[in-house]
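Single-structure report; data block below.
The values are calculated or read from the model by the stated rules, or taken from the named source; none is laboratory data. Quantities reported herein were computed from a predicted structural model and do not represent experimental measurements. Don't worry about glycine lacking a Cβ; one is built from the backbone with ideal geometry, like all the others, and counts go over all protein chains shown. For the accessible areas, the whole protein counts, side chains as well, though only heavy atoms, and no ligand, DNA or RNA atoms are used. Shrake-Rupley method; radii C 1.70, N 1.55, O 1.52, S 1.80 Å.
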Amino acid sequence: MLSSLHIENIAVIESVDIQFARGFNVLTGETGAGKSIVIDAISAILGERTYRDVIRTGASKAFVSAVFQDVPALAWFAENHVPYEPELLLQRELGVDGRNLCRVNGQSVSVSVLRQLGVQLINIHGQHDSQQLFDEENHLRYLDLFARNEAEFESYREAYEALVGVRREIDRLSIDDGEKLRRTEMLRHQIGEIDRAELKSGEDEALEARRKLLQNAEKFTQNLLNSLRCLYGDDDAEGASAQISEAEYALSRIAQYDDRIERLSGAVAELGVNLREICEELIDLREETSFSPEELDEIESRLDLIHRLRRKYGPTIDEILSYRDRARQELDEIRFSDERLAELREQEEKLHSQAEVAALCLRKTRMAAAQELKGRMLTELSQLDMPRIRFECRFTEIPFGPTGADQAAFLMSANAGEDLRPMSRVASGGELARIMLAMKNVLSELDSVNTLIFDEVDAGVSGRAAQKVAQKLQSVAERKQVLCVTHLPQIAALADLHLLIAKSEQGGRTYTNVTPLDREGRIEELSRIIGGERITETTRKSAAEMLSGK
């Protein structure tokens, strides 16, 4: 569960610390006081997308941290090499330069990795979730979540992807005779052009190095001869090699009189050996090296050919050769396409049967889940003061697709005698809020997330329905930690912890504070929610009565 939250420099919040309780927590306050900012801060610490404009004016960065208690040993910890502890500290720093620094128990993680953990800690439900219920594209996903049919869905997905792969191959090979002839001639021309070039891997690099040498042949030869003359000597003068030999001889004659001379004599002797080896290698290089204008012309022609092939088939010789190999493979496929198509159509038939069986298995799980979901939803909605509602899941068979061969839509009738219709056409705002709450309550029983946040999901709800919603949230809080942003006194009165979000001005700046309320404070806040600005003894008595009836 979420134990504490620390927020710095987010919107109108300069710095605030919030302690949460187990069970039912509510946040109330005037419109614009900053209730949604607290929820936004929680979203940020869960790794959700956050924009730089949330940073408080004048601050260079914002910071949010949260402590969670009794965190289960999720697989996420081992997968991301973060040591597991039942007490979990999440931290996120947001800079005006767009940088994000995220830490889990002091260990740095990326925002995406933090998000993978966040969705396993808290579910946030807002008015946007109610809008999602209108969209029939989401209904099948809701049904699959309730059915917990991951194994059947994965079996179907594998069969479907295999079928799609074979059909894609069939489409690729299914070309008319004229197109086959045109493609065959082009491939043969390309293969022949590359084969005639007799390319070798790395040949272009070797040729370019040789061309560079030939282009500097005069400089190369002259400097090679100069180095030999300096080291080896010529008819006019001795080279360094002969002079080192004389130095070695001179030192050897006096080496017996001083150990240091003996050491130096040996070093000079070694220098002489190395120098003679260098001279021999330079002589060999001079004898092996020959230059001719004809060779340079041949290299230029060869490189020009390689360059033209590069422009057509790939930036390197290896890629040109790979292109040739692929062309040969395609040519073989065209040559034997009729036989291959027969094989593929046989595979397609088998895979179609496998996908059909997998789709039927998936459909059975969905239809069974739809009946159970109907019963659960009717029970939940009856408890939310909607006893006459009818709820059904309509199935439509469709061609195989990524999610199966089914289309699902939730239909309802909110009033007696009315036909079943799509929810977007029959549900009022208050009814939709209760339907969403019922759906979330049913689905929340299936996951391991221990904290649920409801951000003003009571919009459009009032009177007796509001009391039913409050009781339902209190019931959910018996097994999960619940945080609820609300404007309804019926909901606020049932909370285990009531937090007041209030805004004030100091020195021309706006500040938001969060205060846990005692009984007297709760009476005052409930009185404000009930009566607005005009609080009387009657509204206070009503608020106290609501708290006493908790």
**Prompt:** Can Glu380 be described as out of contact with any Leu (no Cβ under 6 Å at 6 or more places or on another chain) and outside any strand (DSSP E or B)?
**Reply:** yes
**Asked** Say we look at segment 84-99 and pick out the residues that are in contact with a helix residue (DSSP H, G or I) (Cβ under 7 Å, 6 or more places away or on another chain) and open to solvent by 60 Å² or more (accessible area, probe 1.4 Å); which of these is nearest to Val64 (Cα to Cα)?
**Response** Val96
**Request:** Could you please find all residues in segment 115-138 being surrounded by 20 or more Cβ atoms within 10 Å (Cβ to Cβ) and at pLDDT 90 or above?
**Result:** Leu117, Gly118, Leu121, Ile122
**Complete:** Pairing a residue in segment 189-216 that is on the phi > 0 side of the Ramachandran plot with any residue that is aliphatic (A, V, I, L, M) and modelled with pLDDT of 90 or more, where Cβ atoms lie under 9 Å and the two sit 6 or more apart in sequence or on different chains, gives Gly202/Ile317
**Message:** When you check Asp204 against the structure, is it under 42 Å from the mean Cα position of the chain (by Cα), over 29 Å from Glu339 (Cα atoms) and at pLDDT 90 or above, yes or no?
**Reply:** no
**Request:** Filter segment 284-319 down to residues that are of a type in the set (A, V, I, L, M, F, W, C) and open to solvent by less than 40 Å² (accessible area, probe 1.4 Å) and give me whichever is nearest to Glu203 (Cα to Cα).
**Result:** Ile317
**Breaking point among (1) over 18 Å from Thr451 (Cβ atoms); (2) at pLDDT 90 or above, for Ala33** = (2)
**Arg167, sole failed condition from (1) within 30 Å of Arg345 (Cβ to Cβ); (2) open to solvent by 50 Å² or more (accessible area, probe 1.4 Å); (3) at pLDDT 90 or above; (4) out of contact with any Asp or Glu (no Cβ under 8 Å at 6 or more places or on another chain)** = (4)
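Just for helices (runs of 4 or more DSSP H) wholly inside segment 418-483: which have at least 1 residues that are of a type in the set (S, T, N, Q) and at pLDDT 85 or above?
463-476
Yes or no, residue by residue, for (1) in contact (Cβ under 8 Å) with a residue 24 or more places away in the chain; (2) under 26 Å from Gly508 (Cβ atoms); (3) surrounded by fewer than 18 Cβ atoms within 10 Å (Cβ to Cβ); (4) touching a Ser or Thr at 6+ places or on another chain (Cβ under 7 Å):
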site	(1), (2), (3), (4)
Ser4	yes, no, yes, no
Ile13	yes, yes, no, yes
Phe24	yes, no, no, no
Leu27	yes, no, no, no
Ala41	yes, yes, no, no
Thr57	no, yes, yes, no
**Asked** When you look at Ala368, is it surrounded by fewer than 16 Cβ atoms within 10 Å (Cβ to Cβ), part of a helix (DSSP H, G or I), in contact (Cβ under 8 Å) with a residue 60 or more places away in the chain and out of contact with any Pro (no Cβ under 9 Å at 6 or more places or on another chain), yes or no?
**Response** yes
**Item:** Out of Arg253, Arg260, Arg210, sole residue that is within 60 Å of the chain's Cα centre (by Cα) and of a type in the set (D, E, K, R)
**Value:** Arg210
**Request:** Kindly indicate the residue of segment 230-281 that is outside any helix (DSSP H, G or I) and acidic (Asp, Glu) and also least open to solvent (accessible area, probe 1.4 Å) among those meeting that condition.
**Result:** Asp258
**Asked** Of the numbered conditions (1) open to solvent by less than 80 Å² (accessible area, probe 1.4 Å); (2) among the charged types (D, E, K, R); (3) outside any helix (DSSP H, G or I), Arg210 satisfies every one except a single condition; which is it?
**Response** (3)
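Here's the yes/no breakdown for (1) of a type in the set (A, V, I, L, M, F, W, C); (2) in contact (Cβ under 8 Å) with a residue 12 or more places away in the chain; (3) assigned to a helix (DSSP H, G or I); (4) surrounded by fewer than 15 Cβ atoms within 10 Å (Cβ to Cβ):
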{"site": "Leu499", "(1), (2), (3), (4)": "yes, yes, no, no"}
{"site": "Ile523", "(1), (2), (3), (4)": "yes, yes, yes, no"}
{"site": "Ser527", "(1), (2), (3), (4)": "no, yes, yes, no"}
{"site": "Ile530", "(1), (2), (3), (4)": "yes, yes, yes, no"}
{"site": "Ala543", "(1), (2), (3), (4)": "yes, yes, yes, no"}
**Prompt:** What about Asp458, is it touching a Leu at 6+ places or on another chain (Cβ under 9 Å) and acidic (Asp, Glu)?
**Reply:** yes
**Request:** Find the helices (runs of 4 or more DSSP H) located wholly in segment 115-204 whose residues include 3 or more that are among the hydroxyl-bearing types (Ser, Thr, Tyr), and list them.
**Result:** 150-173
